[in-house]
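Chemist: Pasting a structure below so you can have a look.
Laboratory data are not the source of any read-out in this text; all were calculated from the coordinates shown. Please read all numbers here as calculations on a predicted model, not as lab measurements. Cβ placement follows ideal geometry from the backbone for every residue including glycine, while neighbour counts extend to all protein chains displayed.
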Amino acid sequence: MNLLERGRISGYQFFALLVLTRLVPVVLICPTVTMVNNPATAWVNDIIGSLIAIPLVWLIVRLGLKYPGKTIIGYTKELLGPIGGILAGSVILWFYFMIAASVLRALGETVVTGLLVETPILVFLVSATFLIANSARNGMEINSRVAGIMMPLIIFLLLFVVASTYNLMDPGYLRPLFFAQGLGELIWPSASVLSFYTEFLVIGMLLPYINTPRLALPLSIGAILMNTLILLMQCFGMASVFGPLLNSTTLPAFSLARMVSLGDFFERIESLITVVWIFGAGIKVCLFFWATAVGLAQLLNLKDFRSLVYPLGALMVAISIVSYEGLIDLINILTGSMIVFSVSFLILILLILYIAPGIKGFLRKGTSNAGQG
């Protein structure tokens with residue numbers, strides 16, 4: 001199947017894209033913290049969700065490596081046939097597209113809530129989508145290079161914000177470590193953490209473009225471990241500062257950045273920090289938007305995906321507006337129905353794609369035996 005793009009990305013750029021994919025929810029809205037009863041135990045959910053994500057991501061990468069030179073849309077059509085491939089591929093692309101639309105709306109809500117309070121969100125969404133669509137139209141290589149540059153800066157600023165608020169931290173908020181409702185209260189927040197790792201299904205679109213596909217697996221696992229370490233530091237920092245108010249704080253990462261103060265000359269820098277975080281969110285939206293456009297072109301057997309970019313951009317703005325009433329509604333969906341859908345969808349699609357070769361082989365053998373009989 002034609003890959004529709006000649007761009008290539010390095011292993012480091014692939015790693016950077018995956019790290020930013022997981023970090024964006026943290027720097028924008030931190031939805032999982034709203035589900036935690038005791039902020040002192042929030043870090044436990046990050047560890048559990050990340051550990052469960054490792055075998056799922058391993059399955060995603062191993063599946064893609066079995067079909068070199070093909071995206072997940074390409075080998076889905078090969079495994080499931082024309083009709084089944086189109087149906088499964090359409091659901092995968094809808095998954096990508098909804099991630100892009102959700103992150104775009106979260107980005108818009110963060111900006112108009114924390115920075116441009118008098119700017120209509122539609123103005124920001126249209127402007128951001130125009131830039132994102134143009135970036136995606138030029139291919140994944142450019143976005144990957146920007147990701148490679150921005151990832152260290154975004155990680156540094158996240159950790160800088162945590163370290164700079166050390167004088168506001170109260171270690172007492174990290175104790176006691178107990179579960180008032182038993183270990184069962186870990187299930188839903190841990191599932192929320194896991195649901196964001198299901199976005200690593202985008203690896204299926206990136207694998208054919210990596211210069212060194214054999215490194216995709218260690219890089220993917222490394223991205224999970226790197227994210228886990230950063231999430232733990234961020235979680236400890238926010239829990240130590242906000243304490244029992246953490247799960248009721250809107251935009252906790254942004255609120256934490258507002259508290260940064262080094263002496264009397266270095267404060268109120270949240271705008272600068274947020275601008276950098278916005279770039280990270282834009283990279284993620286561009287990644288999933290590009291995956292949708294390229295995948296749809298492959299699904300429809302088009303020779304070029306660029307003709308789809310602007311219509312998809314207009315649709316993404318519309319979906320991001322009509323799907324959510326506001327920031328609270330967005331958080332409720334991400335911590336509710338989206339958890340069930342994303343986790344069950346990933347498990348189901350992996351199960352189908354892994355057993356499909358066995359079923360096809362069994363059917364061929366049965367047909368062969370019938371012909372000989």
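Chemist: Amide H neighbours of N138 under 5 Å, at least 5 residues apart or on other chains, H built in the peptide plane: list them.
Modeler: Under 5 Å from the amide H of N138: no residue qualifies.
Chemist: Cα-Cα pairs above 23 Å in the range 207-350: how many percent?
Modeler: Of all Cα-Cα distances in the range 207-350, 59 percent exceed 23 Å.
Chemist: Starting with the fewest neighbours, write out K360, K284, K303 ranked by other beta-carbon atoms found within 10 Å of each beta-carbon.
Modeler: Sorted ascending by nearby Cβ count, the order is K303, K360, K284.
Chemist: Suppose only helical runs count, i.e. DSSP H with n ≥ 4. What mean residue ellipticity at 222 nm does that imply for the chain under -39500 (n - 2.57) per run, divided by all residues and rounded to the nearest 500 deg cm²/dmol?
Modeler: -24500 deg cm²/dmol
Chemist: State, in angstrom, two size descriptors of the range 25-171 derived from its alpha carbons: Rg to one decimal place and Dmax to the nearest whole number.
Modeler: For the range 25-171, the Cα radius of gyration and maximum Cα-Cα distance read 19.7, 61 Å.
Chemist: Which whole-number percent of Cα pairs in the range 58-119 have a distance greater than 13 Å?
Modeler: The answer is 70 percent, as a whole percent.
Chemist: OK, next. Quick one: V161, V61, fewest Cβ neighbours within 10 Å first, how do they rank?
Modeler: Result, fewest neighbours first: V61, V161.
Chemist: Stokes-Einstein at 10 °C, 1.306 mPa s, Kirkwood radius from Cα pairs: D for the chain in µm² s⁻¹?
Modeler: Value of D from the Cα-based Kirkwood radius: 74 µm²/s.
Chemist: Within 10 Å of each candidate Cβ there may be at most 14 other Cβ atoms; applying that plus a DSSP loop requirement, which trypsin sites (Lys or Arg not before Pro) in the range 66-161 survive?
Modeler: The qualifying sites are K66.
Chemist: Could you tell me which helices of the chain pass both thresholds, a Cα extent of 30 Å or more along their own axis and a mean Kyte-Doolittle hydropathy of at least -1.0, with helices taken as whole DSSP H runs?
Modeler: Correct list, ordered by number: 42-65, 72-114, 140-164, 216-242, 270-299, 337-372.
Chemist: Right, another one. In which sequence would T292, T228, T71 go, from the one with the fewest C-beta neighbours within 10 Å to the one with the most?
Modeler: The fewest-first ordering by Cβ neighbours comes to T228, T71, T292.
Chemist: Loop sites only, by DSSP: take the GluC sites (Glu not before Pro) in the chain that have at most 12 other C-beta atoms within 10 Å and name the longest stretch containing none of them.
Modeler: After excluding every exposed loop site, the longest remaining stretch is 119-324.
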